[in-house]
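Every read-out reported here was derived from the displayed coordinates using simple, explicitly stated rules and does not represent laboratory data. On a predicted model such as this, the values are computed, not experimentally measured, just so you know. All Cβ positions, even for glycine, are placed from backbone atoms using ideal geometry, and neighbour counts span all protein chains on display.
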There are 2 protein chains.
Amino acid sequence: MSAHPPVVHTVDAIRTLVMQARAAGRRVGVVPTMGALHAGHVSLVEASNRECDVTVVTIFVNPTQFGPKEDFAKYPRTLEADLERLAGHRVDAVFAPLNEEMYPAGFSTYVEPPQAAALWDGVCRPGHFRGVVTVVLKLFQAVPADAAFFGHKDYQQSVVIRRMVQDLNVPIEIRVMPTVREPDGLAMSSRNVYLSPEERQRALALSRSLHLIEQLAEQGERDAVSLRQRMVATLEAGGVDRIDYATIVDPETLVELNELTGPAVALIAAHVGGTRLIDNCRLGPSSRK
Amino acid sequence: MSAHPPVVHTVDAIRTLVMQARAAGRRVGVVPTMGALHAGHVSLVEASNRECDVTVVTIFVNPTQFGPKEDFAKYPRTLEADLERLAGHRVDAVFAPLNEEMYPAGFSTYVEPPQAAALWDGVCRPGHFRGVVTVVLKLFQAVPADAAFFGHKDYQQSVVIRRMVQDLNVPIEIRVMPTVREPDGLAMSSRNVYLSPEERQRALALSRSLHLIEQLAEQGERDAVSLRQRMVATLEAGGVDRIDYATIVDPETLVELNELTGPAVALIAAHVGGTRLIDNCRLGPSSRK
């Protein structure tokens with residue numbers, strides 16, 4: 001068993017640690033997570049290790065980004081296993097605050113997210129992005145790193161955070177790294193543990209439908225309406241229980257496209273059993289997953 | 001004529017300057033202003049000079065904190081005179097961004113202010129504090145100083161900013177310095193230039209009514225309802241044209257008090273001619289203006 005990375009619970013302690021590293025001329029990367037770490041998170045740690053001298057992982061299941069009927073209570077909390085998983089990697093500190101440290105009594109200031117937060121998950125999960133940008137801004141103040149690493153799987157989140165950081169002049173670079181997938185294509189997610197073996201099979205419809213339209217786009221299909229229909233048909237044939245959205249959007253504004261004339265992103269949110277899954281892929285000229 | 005302090009127009013330039021000073025171990029103070037500098041602002045510069053090694057003054061007439069019917073267009077913009085006024089003091093840089101630098105196309109992220117912003121000026125000036133905390137957070141990211149200096153005259157603003165900084169973990173100390181007054185008692189304000197000589201006389205009703213209840217409180221009056229009535233009567237006798245509020249509140253929550261049992265703050269907002277004026281004073285045990 002390797003040694004655990006040091007765990008820090010207070011804002012003051014993690015900030016001091018980061019400021020000292022930066023004062024010593026070291027580049028600091030931060031990987032914000034809600035724990036329940038999987039290979040996707042580990043790839044973000046590896047990216048930070050490549051680009052920075054010091055890596056901080058934050059683990060905080062942020063209550064303000066869950067809706068009242070969502071899975072905050074049952075979201076997996078696996079700190080010991082998370083520390084084990086990080087033990088094989090270079091992590092200089094884990095910041096794992098309690099709720100009371102992040103949201104003390106009387107807390108009442110929020111960040112109102114940018115326009116791109118009003119679409120898609122912003123419609124399906126009211127208040128979700130307000131909670132996300134609020135906690136991410138707080139984490140960036142507590143952990144004043146040079147760069148922060150997020151996964152492409154949460155594509156809308158990455159667009160919203162990038163714009164928030166730009167609008168509010170937060171001095172941090174946002175790096176978005178490729179989605180990590182299971183061998184059969186399922187995008188890594190902490191919520192995959194909710195899936196029964198049978199649901200796990202049906203969940204493959206998301207990556208399968210994205211892979212299909214990626215190929216069609218590469219073969220020259222430019223009609224986004226037709227591509228959307230193919231995504232929906234594939235999701236339904238694969239047996240997902242409900243589709244929140246399956247769309248093709250502008251990579252920056254997230255506005256739905258009817259024609260592929262440049263870079264685009266296909267976004268899916270769908271329910272399999274009681275589990276809501278999301279996935280996406282890039283389409284068009286600089287197509288990459 | 002003394003030399004002007006250097007004027008910097010971009011976020012990148014001022015941030016670099018501040019980061020270099022801090023890396024060299026120097027304590028940095030920032031004085032955020034909307035220009036039209038008067039003796040109150042100068043006292044903030046002097047406070048920063050006393051407590052810090054480097055002082056940055058920001059000058060930006062922030063459009064997002066003005067209502068559609070307010071005085072954004074006519075608010076005094078006097079950069080040359082402001083620089084002259086600062087020339088006799090130790091100011092290491094003036095950050096004077098253009099609107100396009102602070103609010104580029106597509107800007108759409110705001111800070112939703114804390115609870116204390118819902119009262120008083122929050123009622124009279126809808127959206128005002130949202131604009132204030134948004135621009136102040138942006139300025140604190142652009143000018144990552146150790147301490148920021150604000151005037152007690154904008155008392156509710158200081159409470160709102162202090163809470164925003166605490167809630168969002170912004171690593172800056174908020175210092176609130178005493179209100180500076182004209183010899184006859186009028187609180188210094190950039191908006192005083194709007195007053196005609198006759199209005200200027202009537203405007204004294206604000207400080208006079210505060211001074212009166214301060215004396216009554218010192219003499220032992222604990223009935224805040226009665227003190228409020230005396231404030232209103234004094235304002236009306238002095239000829240103000242409209243009272244937005246005249247109240248006595250808890251210093252932290254800004255909730256109205258009916259009895260003085262501890263520290264309290266008397267707050268006034270009133271119109272004289274076309275000009276809206278605010279003033280306040282502390283009451284109770286640790287009474288100071």
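In nanometres and ascending order, the distances from the A:T10 label point to those of the other copies are 4.0 (point 7 Å from Cα along Cα→Cβ). With 30 Å as the limit on Cα-Cα distance, the pairs of A:K138/B:K74; A:K74/A:K138; A:K74/B:K138 that go past it are A:K138/B:K74; A:K74/B:K138.
Evaluated with a Cβ-only charge set (Lys, Arg +1; Asp, Glu -1), the stretch A:113-251 carries a dipole of roughly 300 debye about its Cα centre, given to the nearest 20.
Quick check: from the Cα gyration tensor, does the stretch B:7-177 come out rounded (a/c under 1.5), prolate or oblate? Because its axes are fairly even, with a/c under 1.5, the stretch B:7-177 counts as rounded. Measuring from each Cβ of chain A to the axis that turns chain A onto chain B, the shortest distance belongs to A:E112, 2 (residue, then whole Å). Each label point was placed 7 Å from the Cα along the Cα-to-Cβ direction; for A:E84 and B:Q20 their separation is 5.1 nm.
What ranking of B:R181, A:R77 emerges when the number of other C-beta atoms within 10 Å of each C-beta is taken as an exposure proxy, fewest first?
Working: B:R181 16, A:R77 13.
By the 10 Å Cβ count, ascending, the order reads A:R77, B:R181.
Taking every residue in B:102-114, how many Cβ atoms of other protein chains lie within 10 Å of its Cβ, on average?
Working: counts 2, 1, 2, 0, 8, 6, 10, 17, 7, 7, 8, 3, 5.
Mean inter-chain Cβ contacts per residue within 10 Å come to 6.
Only Cα pairs under 8 Å and at least 6 apart count here; give the relative contact order of chain A as a rounded whole percent. All intermediate terms of the calculation are to be shown ahead of the outcome.
On the way: 514 pairs, mean separation 48.3, N = 289.
It comes to 17 percent, rounded to a whole number.
For A:D184, inter-copy separations between label points set 7 Å beyond Cα along the Cβ vector come to 8.5 nm, shortest first.
If you average the sequence gap of Cα pairs under 8 Å that are 6 or more apart and divide by the length of the stretch A:202-289, what percent do you get for the contact order? Provide the component values of the computation, followed by the final result.
Values: 157 pairs, mean separation 26.2, N = 88.
Rounded, it is 30 percent for the stretch A:202-289.
Using Cα atoms only, what is the angle between the long axis of helix A:39-51 and the major principal axis of chain A, expressed in degrees (0 to 90) to the nearest 10? Helix A:39-51 sits roughly 60 degrees off the main axis of chain A.
Inter-copy label distances for B:G262: 5.8 nm (label point placed 7 Å from Cα along Cα→Cβ; shortest first). Would you be so kind as to identify which of A:I248, A:V159, B:G40 lies farthest towards the positive end of the dipole of the protein assembly as shown, taking Lys and Arg as +1 and Asp and Glu as -1 on Cβ and the Cα centre as origin? Of the options given, the answer is B:G40.
Taken along the Cα-to-beta-carbon direction at a fixed 7 Å, the label points for A:R242 and A:L98 span 3.6 nm. Under 20 Å from a label point set 7 Å out along the Cα-to-Cβ vector of A:A13, the amide N atoms of the stretch A:70-86 belong to A:78-86. Counting only other chain Cβ atoms within 10 Å of each residue's Cβ, the peptide A:157-168 averages 3. Is it possible to state the helix-based mean residue ellipticity at 222 nm for chain B, with each DSSP H run of 4+ residues giving -39500 (n - 2.57), the sum divided by total residues, to the nearest 500 deg cm²/dmol? What is it? Value at 222 nm, helices only: -11000 deg cm²/dmol.
Counting, for every residue in A:137-147, the Cβ atoms of other protein chains within 10 Å of its Cβ and taking the mean gives 3.
The 3J(HN,Hα) values that the Karplus relation (6.51, -1.76, 1.60; θ = phi - 60°) gives for the stretch A:265-278 are, in residue order, 10, 8, 10, 10, 10, 8, 9, 10, x, x, 10, 9, 10, 10 Hz. Gly and Pro appear as x. Each peptide among B:97-107, A:12-22 gets the average number of other Cβ atoms lying within 10 Å of its residues, and from highest to lowest they stand as A:12-22, B:97-107.
With Cα atoms defining each centre, the stretch B:117-171 and the stretch B:58-87 are spaced 17 Å apart in the structure. Residues whose amide H lies under 5 Å from that of A:T275, counting only those 5 or more places away or on a different chain, are absent; hydrogens are built 1.01 Å from N in the peptide plane. Once the Cβ-Cβ distance of A:V225 and B:E182 is raised to the sixth power relative to R0 = 56 Å, the FRET efficiency obtained is 0.25.
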